[in-house]
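Everything on this sheet refers to the single structure shown next.
Values quoted throughout were computed directly from the atomic coordinates according to the rules given, and no laboratory measurement underlies them. These numbers come from a predicted model, not from an experiment. All Cβ positions, even for glycine, are placed from backbone atoms using ideal geometry, and neighbour counts span all protein chains on display.
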Amino acid sequence: MKYAIIVGIMALLVVAACSTTETSTTTGATANVVKVNFQNGEYVFTPSTVKAGEPVTLQFQAEEFRGCERSFNIHAEGVKKVIQAGDSQVTFTPTKPGPLTASCGMNMYFGTLNVE
């Protein structure tokens, strides 16, 4: 019985960690498109470099994402997205040059998008 309760609590914690809201910030300009895949335990951006001050639309290959890797974040830019079929993109405008670290909701998986 204790085991079932512990497993139930752990499942609730995982679901809570993966539940985020989408944040999107744009300037009204046409966005550059960056495809995001999940390969070998990390987020892969193609192209991997964008320009500061220009809108970027991240297009996720939704069928590739499972579990907590669906909960995508770029904390430095306030980007939060739960990736799912039919709703698999987010647009934001990077504010300054440098590497942007992306992570899952549980900080288990990472990737880097470079900003010039």
Would you please give the residues with an amide H less than 5 Å from that of Tyr109, counting only those at least 5 places away or on a separate chain, with H modeled from the backbone geometry?
Cys104
May I ask you to sort Lys80, Lys35 by Cβ crowding, counting other Cβ atoms within 10 Å and putting the fewest first?
Lys35, Lys80
Specify whether the C-alpha gyration tensor of the range 42-116 places it in the rounded, prolate or oblate class, a ≥ b ≥ c being the square roots of the eigenvalues: rounded for a/c under 1.5, otherwise prolate if a/b is larger than b/c and oblate if not.
prolate
Give me, ordered by chain and number, the residues 5 or more places off Asn32 or on other chains with an amide H under 5 Å from its own placed amide H.
Val56, Thr57
Using the Karplus curve 6.51 cos²θ - 1.76 cosθ + 1.60 with θ = phi - 60°, work out ³J(HN,Hα) for each residue of the range 96-102 in order, rounded to whole Hz, and write x for Gly and Pro.
8, x, x, x, 10, 8, 9
Starting at the first residue of the range 47-61, write each ³J(HN,Hα) from the Karplus equation 6.51 cos²θ - 1.76 cosθ + 1.60 with θ = phi - 60°, in whole Hz, x for Gly and Pro.
x, 8, 10, 10, 9, 4, x, 10, x, 10, 9, 8, 10, 8, 7
